[in-house]
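S.K.: One structure is given below, represented as structure tokens, and several questions about it will come after.
The values are calculated or read from the model by the stated rules, or taken from the named source; none is laboratory data. Small disclaimer: the values here were computed from a predicted structure and weren't measured. Positions of Cβ are backbone-derived with ideal geometry, glycine not excepted, and every protein chain shown enters the neighbour counts.
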Amino acid sequence: MLESNLISNSAQRPEPRILARADHTISRSLISEGALKVLYRLSNGGYQAYLVGGGVRDLLLGREPKDFDIATDAHPDEVRELFRNCRLIGRRFRLAHVRFGRDIIEVATFRGSDADSGEEQDEDPDRVIKDGRILRDNVYGTLDDDVWRRDFTINALYYNIRDFSVVDYVGGVADLQAGRLRLIGDPERRLREDPVRMLRAVRFAVKLGFQIDPDTLRPFATLAPLLLDIAPARLFEEVLKLFHGGYALQTFEALRHHGLFGLIFPLTEQELAEEEGGFPHLLIAKAMASTDQRIAEDKPVTPAFLIAALLWHPLRRRAAVLEAEGMPPLLAQRTAADEVIAQQIALVALPRRFTQVAREIWQMQGQLERRQRRHAVRISQHERFRAAYDFLVLRAASGEPVQEAADWWTEFQSGDENARDQMVTRLDATPKRPRRRRRRKRAAE
Ligand code: ATP
Ligand code: MG
């Protein structure tokens, strides 16, 4: 299949459509200073230099790009010679990262038509170099080789810094206008080549409000399980883009709709499937919505919070089983946490620094629910108090019977020292003691 594609690409390559400066809306004033410097320095050095990918796509849509990617015919070593502030990354396809303060501009050399294996730069480096000998030297290519290995037509538009034109080989401009997300080439082959493109499709469709083209979408149903072969570390990177891009809630719904969510979060999906319309769906949806809102307000977000939400109900279910088998509650919760995290990281490599915080958020739920008089102040000073409190509020909002505790902590935080003292004293006087005492005894086990 690759051969036939190569023939059609090289023997009868289509002519690109060129949009002159007057025919599109990209203005240099919208491109970051760093990206412009890189484009001009490459160009002045005698190389071709194009803005490509999401930067061009977003500018043509009148949106603010997240970052700027640049494509050139300069080889990575030649790029490095032009820029002091430059680092080469990757093995098989080396990319140059040029840094301007906090801004990092990614410069990729055009890839040859043989280099068509998705974004896995480190994949199988010895296909090219073995025992120090170069077996194949067609890793790099020209612009019209580079176009065909990109994923979607709208991501394969090139803005030429020489004449400010946009080069379109794949009908990307028409697809942008139609709001259509379409894979370049044969969809099934492109999805087999890199199944992560299914996740990317959903992410872009949601973010841009585009429809996934029916031909692109059709193979999803059969190819979705290929996601299980993707390296867990890469899936974590992708999960972050899915849920920390500002559209977590819609993306989550769309991933479920397309049958992709359950492949990467099977424990969560199982809960959702069993209790559709009940607590779990609400909890996760609310966690996603709150993440989106924080991003919209430029507040920091942590993956730990989403991990805590995604695995909360699987954790509770497992802990209940262990308790029924006779394990003490606190140990059951800890054991269940170990188990659900172990199962999840086999698929998505959630880093330990985040799963650890998720564990603490879970652990503190019991303490927050109990509101022990002696410990209230200490709990409120705990490093994870705020995250754990937010999580408690989320649980209350999603229908779990913890509203009273959530309100109590809300009031506790808003009061001054006196008010807090009074609240704690009142706690002591509330006639709920037998239950609290039983719990406290358990907690001491
Ligand atoms: P954004 O940065 O807004 O998420 P983007 O389109 O710039 O979107 P990147 O992941 O930054 O996405 O990739 C830059 C470009 O590299 C893409 O536009 C696409 O042309 C190409 N690309 C990225 N990932 C893949 C992939 N898995 N398969 C093929 N091409 C890809
Ligand atoms: Mg990008």
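S.K.: Within the stretch 139-197, work out how many residues are in a helix (DSSP H, G or I), more than 14 Å from ligand 1 (Cβ to nearest atom) and modelled with pLDDT of 95 or more.
M.R.: Residues flagged as in a helix (DSSP H, G or I), more than 14 Å from ligand 1 (Cβ to nearest atom) and modelled with pLDDT of 95 or more within the stretch 139-197 amount to 5.
S.K.: D124 passes all but one of (1) modelled with pLDDT under 60; (2) within 16 Å of ligand 2 (Cβ to nearest atom); which number fails?
M.R.: (2)
S.K.: How many residues does the stretch 371-419 contain that are surrounded by 15 or more Cβ atoms within 10 Å (Cβ to Cβ) and either among the polar types (S, T, N, Q) or outside the structural domain of F305 (by TED's automatic domain parsing) (or both)?
M.R.: 3
S.K.: Just checking, how many residues over the stretch 231-248 are surrounded by 20 or more Cβ atoms within 10 Å (Cβ to Cβ) and over 12 Å from the mean Cα position of the chain (by Cα)?
M.R.: 0
S.K.: Among the residues of the stretch 58-99, what is the count of those that are away from ligand 2 (no atom under 16 Å from the Cβ), of a type in the set (F, W, Y) and under 23 Å from S27 (Cα atoms)?
M.R.: Count: 0.
S.K.: Among the helices (runs of 4 or more DSSP H) contained in the stretch 276-348, which hold 2 or more residues that are of a type outside the set (V, I, T) and under 14 Å from L394 (Cα atoms)?
M.R.: Correct list: 279-296, 303-324.
S.K.: Would you be able to tell me the number of residues in the stretch 39-83 that are surrounded by 15 or more Cβ atoms within 10 Å (Cβ to Cβ), assigned to a helix (DSSP H, G or I) and more than 15 Å from ligand 1 (Cβ to nearest atom)?
M.R.: 9
S.K.: Can you go through P300, P329, P280 and tell me which one is touching a Lys or Arg at 6+ places or on another chain (Cβ under 7 Å) and at pLDDT below 95?
M.R.: P329
S.K.: Going through the stretch 42-57 one residue at a time, which ones are under 20 Å from A96 (Cα atoms), within 11 Å of ligand 2 (Cβ to nearest atom) and of a type outside the set (V, I, T)?
M.R.: L51, G53, G54, G55
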